[in-house]
Amino acid sequence: MKKIAVLVSGGGTNLQAILDACESGVIRSGKVELVLSSKEGAYALERAAKAGVEGIVVPRKAYPDREEYTNAIRAELDKRGIDLIVLAGFMIIQHESFFKVYANRVINVHPALIPSFCGDGFYGLHVHEAALAKGVKVSGATVHFVNEICDGGPIILQKAVSVEQGDTPETLQRRIMEQAEWQILPEAVELFCADRLEVHGGIVSVK
Ligand code: GAR
């Protein structure tokens with residue numbers, strides 16, 4: 001069984017999808033060992049407690065710079081021998097050393113079809129605001145390996161979701177979560193844990 005850490009900053013619905021997938025057997029080759037939040041009081045920590053998973057807070061404010069913050073997180077992950085790090089609504093960009101040490105071991109869920117609506121400043125509701133402002137008729141979600149380029153790492157899974165007339169950023173966000181994120185994130189976690197992902201030249205293939 002691979003050891004999984006889920007990094008969160010907020011509500012943690014994607015964390016919940018992973019915990020539910022462990023319960024239902026969709027994820028059967030890994031186990032969530034740690035939930036690490038960048039914020040005190042994040043609801044995701046309650047979800048962890050309910051599932052009997054260790055939850056800790058490593059507050060960004062407590063560290064003077066990004067590198068020290070990244071080192072503090074690395075210490076927590078290494079202490080527990082974590083194999084896979086899942087960014088599930090984790091809103092802090094790590095120092096580049098993080099992605100060197102954990103190359104092809106960190107995955108992120110992004111609420112759009114990369115390379116659309118991604119990169120600096122595209123997170124949370126901002127992504128859906130931008131998609132609606134552009135008038136796209138299809139959006140979706142992407143799970144990708146994380147590297148030093150913001151939202152630029154190798155793509156693992158994507159799923160398209162229709163934009164509907166009258167959508168607000170909130171309604172579009174919810175539909176993309178329900179129809180895409182909560183499905184493809186657990187699927188990608190299982191593929192990783194079952195050693196079924198291969199990365200060559202920046203392209204992911206499934207064995
Ligand atoms: C999700 O929609 C996730 O895709 C997005 O934040 C939300 C977190 O929700 N992540 C990003 O925008 C990262 N660039 P959650 O806390 O309920 O899982």
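The values are calculated or read from the model by the stated rules, or taken from the named source; none is laboratory data. Owing to the predicted nature of the structure, the values given are computational and were not obtained by experimental measurement. Positions of Cβ are backbone-derived with ideal geometry, glycine not excepted, and every protein chain shown enters the neighbour counts. Heads up: the accessible areas ignore ligands, DNA and RNA and are worked out on the full protein's heavy atoms, side chains in. Shrake-Rupley method; radii C 1.70, N 1.55, O 1.52, S 1.80 Å.
Listing for the model above:
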item: Filter pass, Leu7 being touching a Leu at 6+ places or on another chain (Cβ under 7 Å) and either surrounded by fewer than 17 Cβ atoms within 10 Å (Cβ to Cβ) or not hydroxyl-bearing (Ser, Thr, Tyr) (or both); result: yes
item: Residue check, Glu68 open to solvent by 20 Å² or more (accessible area, probe 1.4 Å) and either touching a residue at least 12 places away in the same chain (Cβ under 8 Å) or in contact with a Ser or Thr (Cβ under 8 Å, 6 or more places away or on another chain) (or both); result: no
item: Test for Ala180: is it part of a helix (DSSP H, G or I), touching a Gly at 6+ places or on another chain (Cβ under 6 Å) and not hydroxyl-bearing (Ser, Thr, Tyr); result: yes
item: When residues of the range 122-135 are limited to those that are in a loop (DSSP other than H, G, I, E, B) and touching a helix residue (DSSP H, G or I) at 6+ places or on another chain (Cβ under 9 Å), the one farthest from Arg175 (Cα to Cα); result: Phe122
item: Test for Gly89: is it buried (at least 16 other Cβ atoms within 10 Å of the Cβ), in a loop (DSSP other than H, G, I, E, B) and out of contact with any Asp or Glu (no Cβ under 8 Å at 6 or more places or on another chain); result: yes
item: Given (1) among the hydroxyl-bearing types (Ser, Thr, Tyr); (2) surrounded by fewer than 18 Cβ atoms within 10 Å (Cβ to Cβ); (3) at pLDDT 95 or above, index of the condition Ser139 fails; result: (2)
item: Subset of the range 25-55 (residues that are outside any loop (DSSP other than H, G, I, E, B), open to solvent by 70 Å² or more (accessible area, probe 1.4 Å) and within 11 Å of the ligand (Cβ to nearest atom)); result: Tyr43
